[in-house]
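So that we are looking at the same thing, I have put the structure below in structure tokens.
The values are calculated or read from the model by the stated rules, or taken from the named source; none is laboratory data. Source: prediction; values computed, not measured. Quick reminder, even Gly has a Cβ in these numbers, built from the backbone with ideal geometry, and neighbours come from all protein chains shown.
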Amino acid sequence: MAERVRFAALHHRSLFQTRQPAFWAFVAFLSYGAVRMVGVLSRLSEVSRSGWALSWLLLLLYAAPVFVLIYRFDLYEHEPLSLVFGAFAWGALAATALSIDATGWNQVVASVFGTDFAARWGAAITAPLVEEILKGAGVVLLYLVARDEVDDVMDGFVYGALCGLGFALVEDVLYFMAAFGGTPAGVLQGFYVRVLSSGLYGHVLYTGLTGMAVGYVVSGRDAVPIGRRLAVASGLCALAVGGHFLWNSPLLDLMPASPVTGARWLLVPVALAVKGLPLLLLVGLAVRLARRRERRWLDGVLTAEVGLDGISKEELATLRIPKARRAAIAAMQARAGRRAAALLGRLQREQITLAMVASRVAIPGDPALVAQRDYCRSLRDALAAIPGAAPTLVSGGAG
Amino acid sequence: MSTLDPPVRPDEVGSQRRVERRWLPVLGVIAVILAVTLGPRGVGEALSGPATIEGLVTVHAEAGWSVVTRRDEGSVHQLLLRKGSDGLLVVALAGYGGTAADLGREYAARALRGEYRGLSVGEPAPATLGSGVSGVRFGYVGVTNQGSTVEGIVVAVQTPGGNGIVFDAFAPEGSLAAAIDEVGRMIDGAEVH
């Protein structure tokens, strides 16, 4: 197929890019997954209606705040909702359905290494590779749909982690209704083991790492050689697969033997922490490094813009620290009302966009950059026209 | 325009050209997904072959089913195939002297009653494998020690070679219907000796 030269637009802010073939591939697999998983989940609901309802209630209580937390992880830019929900839906429906279709790899392991080996190690060998590839494929498709929305490592983490959250949600329902019996008591046991004791570890982390790998490869293309980007991405993917391998493997298995009764239930979170905590700490470090990279990028790009129409020195000082941005908006609302606060938030978002435009253009006088500066100036002017907003507009509430 | 209305965004203008492939990466991702999901059907079938208890029974496993355990104790041989939470246990008794009905009764009395609480066994009915070997079939529902309710179907046959073969297909309550086509094909297509 012929390559096509296209202008890199500022932002494709929606999943619904009907002219992108990646969008249709995404929709096709998602539709397949939806039909397949609705059938599987419906059959499981016949095991116990009360257990079924309790499963979804408990998991939504867990997933909703985690979703919000992940969504707000990016320091400077919240991802478009259609894309974040698309990532979640891919994990919940497409990746789960395709993973079920791929369970035949267990048979391959049994054939090559024997049934006893497969019984002990099959889940550790096949599931991490299969599941991380299928979840990661969704993140890659989202990037191909809206390339400009995955422009740094943290974007990749957000999409990957949300994909992992969707996968974990549906997988937990399958476990609650099948492996734990599906009764309300079984569901509560399953929730204790798979969410309360180990909800911090697992698919959110694994696919967050995979997403970071995607984000690293596709961002900084002008600054970092492809070899280094692929090496770092491979390391991140290996960490994801390795963490998942360790989780599924019989290594470091300190879980109390069945049946677990009484005070021995308290050993469950301890046993799971031994396997999961190291990866959690590593991911925390990776996210911290990614955020530092983001802040350095913002400083590097916007320092040249300070003093021009787009952003002032004081505004940059506020913009680079999320807490300071929130404080400025809160102060603006207290001083000049809700509309002024919303407009200040808009100005801050457009100043982030200014950074993105500045990082993509070749010359300071580029028409797109000039236009974005003018837009920021017009937002500032509109804000200054609101009574009470003007005096501390640039300092974020310092008075 | 009111001073309170935020200005309209300028039209997006890209001033940096970057050659972006649209189709090739998408086709690559699709190829990877298909390889991961469909690969086992080719690779697995090429590598695994049928599940066999030598000289007694051969079961041709459907896609996604894998042998997870084998056990041999004297003249009693067992093979357990699994697909997720669904299972097919194949028990072969070399030189079994009774009828298929006897075998079915003994299996229910010893194996099923030893495995499940609150066992409920259905009335046996005639069954015939694809190879023409006749036997009996009955359903059951029981509760495991972990409190899970399981439903199953047992097919017991006495082979022309004088061996007894039991096929026990089981799944969590409510799930057997989804697996019945596949296990039915595996039982019906089994080669018994």
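Residue by residue, here is whether (1) within 11 Å of another protein chain (Cβ to nearest Cβ); (2) under 23 Å from A:N248 (Cβ atoms) holds:
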residue	(1), (2)
A:L59	no, yes
A:R72	no, no
A:L83	no, no
A:A95	yes, yes
A:D101	yes, yes
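Of all the residues that make up the range B:90-107, how many are surrounded by fewer than 19 Cβ atoms within 10 Å (Cβ to Cβ) and within 25 Å of A:A178 (Cβ to Cβ)? Spell out how you get there, then give the answer.
Initial filter on the range B:90-107 (surrounded by fewer than 19 Cβ atoms within 10 Å (Cβ to Cβ)): B:94-95, B:97-99, B:101-102, B:105-106.
Keeping just the survivors that are within 25 Å of A:A178 (Cβ to Cβ) gives none.
Here the count works out to 0.
Which members of the range A:325-334 meet the condition of being in contact (Cβ under 8 Å) with a residue 24 or more places away in the chain and either touching a helix residue (DSSP H, G or I) at 6+ places or on another chain (Cβ under 6 Å) or crowded, with 18+ Cβ neighbours inside 10 Å (or both)? Please lay out each step first, then the result.
In the first step, residues of the range A:325-334 are kept if they are in contact (Cβ under 8 Å) with a residue 24 or more places away in the chain; the result is A:325, A:327-328, A:330-332.
Within the range A:325-334, A:R325, A:A328, A:A331, A:M332 qualify.
Filter the range A:169-201 down to the residues that are crowded, with 19+ Cβ neighbours inside 10 Å and under 9 Å from A:G51 (Cβ atoms) and list them by number.
A:F176, A:M177, A:F180, A:G181, A:G182, A:T183, A:G186, A:V187
Residue check: is A:A317 surrounded by fewer than 19 Cβ atoms within 10 Å (Cβ to Cβ), out of contact with any Asp or Glu (no Cβ under 7 Å at 6 or more places or on another chain) and in a loop (DSSP other than H, G, I, E, B)?
Details: surrounded by fewer than 19 Cβ atoms within 10 Å (Cβ to Cβ): yes; out of contact with any Asp or Glu (no Cβ under 7 Å at 6 or more places or on another chain): yes; in a loop (DSSP other than H, G, I, E, B): no.
It is false that A:A317 is surrounded by fewer than 19 Cβ atoms within 10 Å (Cβ to Cβ), out of contact with any Asp or Glu (no Cβ under 7 Å at 6 or more places or on another chain) and in a loop (DSSP other than H, G, I, E, B).
Tell me whether the range A:226-239 contains one or more residues that are under 20 Å from A:W90 (Cα atoms), part of a helix (DSSP H, G or I) and either at pLDDT 80 or above or among the aliphatic types (A, V, I, L, M) (or both).
Start the filter on the range A:226-239 by keeping residues that are under 20 Å from A:W90 (Cα atoms), which leaves A:237.
The next check asks that each one be part of a helix (DSSP H, G or I); those that pass are A:237.
If we keep only those that are either at pLDDT 80 or above or among the aliphatic types (A, V, I, L, M) (or both) as well, we get A:237.
Yes, the range A:226-239 has at least one match.
For the range A:338-392, name all the residues that are outside any helix (DSSP H, G or I) and within 9 Å of chain B (Cβ to nearest Cβ). Step through it out loud before you land on a result.
Narrowing the range A:338-392 to residues outside any helix (DSSP H, G or I): A:361-366, A:385-392.
Listed by number, the residues that qualify are A:V361, A:A362, A:I363, A:D366, A:A385, A:I386.
Suppose we keep only residues that are more than 12 Å from chain B (Cβ to nearest Cβ) and modelled with pLDDT of 95 or more within the range A:129-160. Which one would you say is nearest to A:V84 (Cα to Cα)?
A:Y159
Also, I was wondering about something else. Which helices (runs of 4 or more DSSP H) does the range A:89-167 wholly contain that include 2 or more residues that are within 23 Å of B:S66 (Cα to Cα) and touching a Phe, Trp or Tyr at 6+ places or on another chain (Cβ under 6 Å)?
Working: elements: A:96-101, A:105-113, A:115-145.
Answer list for the range A:89-167: A:115-145.
Across the range A:287-311, which residue is modelled with the highest pLDDT among those that are small (G, A, S) and surrounded by 19 or more Cβ atoms within 10 Å (Cβ to Cβ)?
Initially, the range A:287-311 is screened for residues small (G, A, S), giving A:290, A:300, A:304, A:307, A:310.
If we keep only those that are surrounded by 19 or more Cβ atoms within 10 Å (Cβ to Cβ) too, we end up with A:290, A:310.
Values: A:A290: 83, A:G310: 91.
Ranking the candidates gives A:G310 first.
So in the range B:15-69, with the set limited to residues that are on the phi > 0 side of the Ramachandran plot and facing chain A (nearest Cβ under 9 Å), which one is modelled with the lowest pLDDT?
The initial filter retains those residues of the range B:15-69 that are on the phi > 0 side of the Ramachandran plot, namely B:49, B:55, B:64.
Subset that is facing chain A (nearest Cβ under 9 Å): B:49, B:64.
On the way: B:G49: 53, B:G64: 74.
Within the range B:15-69, the match that is modelled with the lowest pLDDT is B:G49.
Additional query: Every residue in the range B:53-89 that is crowded, with 16+ Cβ neighbours inside 10 Å and of a type in the set (V, I, T), please.
B:I53, B:V57, B:T58, B:V59, B:V67, B:V68 - these are the residues of the range B:53-89 that are crowded, with 16+ Cβ neighbours inside 10 Å and of a type in the set (V, I, T).
Quick check on this structure: which one of A:W90, A:W24 is within 21 Å of the chain's Cα centre (by Cα) and at pLDDT 95 or above?
Working: A:W24 fails: within 21 Å of the chain's Cα centre (by Cα).
So the residue among A:W90, A:W24 that is within 21 Å of the chain's Cα centre (by Cα) and at pLDDT 95 or above is A:W90.
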